[in-house]
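Step one of this worksheet: look at the structure below.
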Amino acid sequence: MQQAVVPDEEVSVAPLSTARLADQAYEQLREMIVSGRFAMGTRLIEVQLAKNFGISRAPVREAMRRLVEDGLVDERPRVGYTVAEFDAAAVIDLYNVRLSLEATSIRLATRRGMATAPLRDLIDRMAAAARAGEQARVSRYELDFHAEICRASGNALIAHLFHTLEGRLLMAIALDNEGQADLQAIATEHTPLIAAIESGDEQAAAATMTGHILSTVKPLILRLGGDPGQLLVPLDHSEPA
């Protein structure tokens, strides 16, 4: 299959100011990737991107280095930079980390009596985006919902780790949502998580989160030709009464 390349005439980007060029290039490129504007496997040519941004190649090279670290871009010998592609193995690796991280985050958030109003607001935003048929916004609000729980855990390391995974998770969520015929259902599926947090039962909340994540990722893994049995369900190591 012929590899897609980003040509000059197809890239429309906002001009960058002279300050913090690498940061601005990174943010714009990251948004283009996670939003699906640059499809998986698309070749990103440094000189073309620099020309479109109206900057030198050095800031673009630094932005690319950071995107490689984020797992959003691959760097290959004799090929250069390409948008990372998610196969079943990559999704399984990512979601095994996500399952452990989010089961812990919702337990801590429940233990701390997390305020759920921000979560309800995000569900409303998801629903509004779904009614408008805006899949990218649905995916963004879905990720924000889970990030809010990680922040509410009170564990700064969990919040930081989730943030480092956000780009990859957003790409996986968007890939999953492509196979979702009913975008409205995505918003509805998050309501039980709020009820679980409000119940005050952290073990039940963790089980609800695990079930929620598995119900969405298993069909995606099957669609990619993988084995959902390779997903590791977090174990309950609570002390006996």
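Data overview
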{"quantity": "Test result for ILE158, outside any loop (DSSP other than H, G, I, E, B), over 16 Å from the mean Cα position of the chain (by Cα) and buried (at least 18 other Cβ atoms within 10 Å of the Cβ)", "calculated": "no"}
{"quantity": "Filter result for ARG98 (surrounded by 18 or more Cβ atoms within 10 Å (Cβ to Cβ), over 18 Å from the mean Cα position of the chain (by Cα) and under 27 Å from LEU231 (Cα atoms))", "calculated": "no"}
{"quantity": "Among the residues listed as GLU69, GLU85, the single one being farther than 30 Å from ASP201 by Cβ and outside any helix (DSSP H, G or I)", "calculated": "GLU85"}
{"quantity": "Residues of the range 38-55 classified as in a loop (DSSP other than H, G, I, E, B) and closer than 20 Å to ARG78 by Cα, total", "calculated": "4"}
{"quantity": "Flag if GLY41 is surrounded by fewer than 16 Cβ atoms within 10 Å (Cβ to Cβ) and in contact with a Ser or Thr (Cβ under 7 Å, 6 or more places away or on another chain)", "calculated": "yes"}
{"quantity": "Residue that is of a type outside the set (Asp, Glu), assigned to a helix (DSSP H, G or I) and either at pLDDT below 95 or not assigned by TED's automatic domain parsing to the domain that holds THR210 (or both), where the choices are LEU108, LEU143, LEU119", "calculated": "LEU143"}
{"quantity": "Breaking point among (1) without any contact (Cβ under 8 Å) to a residue 60 or more places away in the chain; (2) over 17 Å from SER35 (Cα atoms); (3) surrounded by fewer than 19 Cβ atoms within 10 Å (Cβ to Cβ), for GLY133", "calculated": "(2)"}
{"quantity": "Pairs, first within 16 Å of LEU99 (Cβ to Cβ) in the range 141-167, second part of a helix (DSSP H, G or I) and among the hydroxyl-bearing types (Ser, Thr, Tyr), C-beta under 7 Å, six or more apart", "calculated": "ILE149/SER105; CYS150/SER105; SER153/SER105; ILE158/THR104; ILE158/SER105"}
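The values are calculated or read from the model by the stated rules, or taken from the named source; none is laboratory data. Worth saying up front: this structure is predicted, and the values here are computed from it rather than measured. No Cβ is skipped: glycine too gets one built from the backbone with ideal geometry, and neighbour counts run over all protein chains shown.
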